[in-house]
Amino acid sequence: MFISKVALPRRTFLRGMGVSIALPLLDAMVPALSAMAKTAANPVRRLGCIYTPNGATMSAWTPPGEGPALDVFSPTLSPLEPFRDQVIIPTGLSQKQAESLGDGNGEHSRGQTVWLSGVHPKRTEGADVRNSTTVDQIAAQTLCKDTPLISLELALDQNYLVGNCDNGYSCVYWNTISWRTPTTPLPMEVNPRVVFERMFGDGGTPQQRLAQVREDRSILDSVKQAVVSLQNRLGASDRARIAEYLDAMREIERRIQVAEKQSGESPIALPDRPVGAPESYDDHATLMFDLVALAFQADITRVFTLLLGREQTNRPYPWIGVPESHHSISHHQNDPVKLAKAAKINTYHIELLARFVGKLGSAPDGDGTLLDHSMILQGGGLSNSDQHSHIDLPLVLVGGGAGRLKGGRHLRYPKDTPMNNLHLALLDKVGAPVETFGDGTGRVDLEPLSGV
């Protein structure tokens, strides 16, 4: 660590016209011989929840072997093998609250909605939707009290659906997986530009932002002088860390600009909320994951949710050899060809996760990495989609949880074990009040999941 008389506050920003850029944790923010020196040994905790739609080919998802040691990865989860020591695969967890309780079909809507809430949603086509505060938002109330953003809610499918989407269930249940209160669903943003400006914009008038776009200036250009001034006051390691961080930010900004040009939609027309996402799903997903990594690195937020696709999505995946609709493939009727193609999609979604956790694992954070201090849950609200089953859900948990998670394990539970118990365990590990989870509707043997 470089020792100097510089002592930067943890909440240090580079400011320019309409811009406020938070910085990653630097050595100068943890000066030696001060109370803040304890910060590196007491890292902040982070939580991410990533939803994958239309179930999974469970025979390719579930690891072989009977013991708790994760000796062999399953084909679908094999992209996570480089992170073996920080991977937990819980199997057997189920979500009975997603099943019909006398209100008919709607298995896809309920599976997606219940995944983070643990509560059976109200069946309605109107505005009187009701669910429960989701686990991400309960965690955010504890983890994000002093961050610029409480949380990030992101999606890769357009979220403008309205009305009845699934057997009497409002489209609201398809458009998000995050609920701030039982009656307040949070919109999930699909536009990387809006996410970027939410993270780094600092007000300014629409005219000022329009002028900046017309001049083809980047956000980083607005803080150029502030960067130079700060760099002159820091040690070599901090200068290198800031340079790497700002380079990553500039590259993301460049990719957003390219995506806007490809989409044929000019940001000039809508200076407040420019539109345009990459045409490629892979580019779009990677860009969103990279934005989350930057948000974690700069401590802009410590909680995110990401909807890789809504339930019943008809997206094809021709670049991985699946030109058919995902939803139609998921109704496989035990056809081995369809099962194999569905497994390809599942594996690809895990590859996206592996790229993301690899980025977190290479980003220093205090006495470890961002991955060491994070808990990332990925999975879905259906297992066998052909049967609309909510039993033995596909789930994987990655990260060190700031020393609170022990990886390298396959944890098998009886198939009637509530997934809600996993949520209680995660809330317990981030220090959030577990008693606020759910609203008392249909609680079944709720207790923190043992072994996690």
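The values are calculated or read from the model by the stated rules, or taken from the named source; none is laboratory data. What you see is a predicted model; the values in this text were computed from it and never measured. A quick note on method: Cβ atoms are made from the backbone with ideal geometry, for glycine too, and the neighbour counts reach across all protein chains shown. Side chains are part of the model used for accessible areas, which takes the heavy atoms of the whole protein and leaves out ligands, DNA and RNA. Shrake-Rupley method; radii C 1.70, N 1.55, O 1.52, S 1.80 Å.
One table, with the values for the structure above:
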{"quantity": "Kirkwood-based Rg to Rh ratio, the range 348-452, C-alpha trace", "calculated": "0.99"}
{"quantity": "Surface share of carbon and sulfur [accessible, 1.4 angstrom probe, percent] for the range 48-102", "calculated": "55 percent"}
{"quantity": "Apportionment of accessible area to carbon and sulfur, the range 301-344, percent (1.4 Å)", "calculated": "56 percent"}
{"quantity": "Residue 100 versus residue 261: modelled label distance in nm, points set 7 Å from Cα along the beta carbon direction", "calculated": "5.3 nm"}
{"quantity": "Proportion of all alpha-carbon pairs of the range 61-202 beyond 17 Å (%)", "calculated": "69 percent"}
{"quantity": "29 Å Cα-Cα reach of residue 406 towards lysines, excluding residues that sit fewer than 8 places from it in its own chain", "calculated": "38, 96, 145, 344, 359, 415, 429"}
{"quantity": "Reachable aspartates and glutamates, given that their alpha-carbon falls under 12 Å from the alpha-carbon of residue 338 and they are not under 8 places away in the same chain", "calculated": "324, 386"}
{"quantity": "Descending semi-axes in Å of the range 302-412, equivalent ellipsoid built from Cα gyration tensor", "calculated": "31, 16, 12"}
{"quantity": "Mean projected area in nm² (Cα convex hull; one quarter of hull surface) for the range 296-344", "calculated": "4.9 nm²"}
{"quantity": "Cα convex hull of the range 56-114 - mean projected area over all directions, nm²", "calculated": "5.3 nm²"}
{"quantity": "Most to least packed among 315-324, 88-97 [average Cβ atoms within 10 Å]", "calculated": "88-97, 315-324"}
{"quantity": "Heavy-atom accessible area ranking, 1.4 Å probe, most first, across 125, 253, 66", "calculated": "66, 125, 253"}
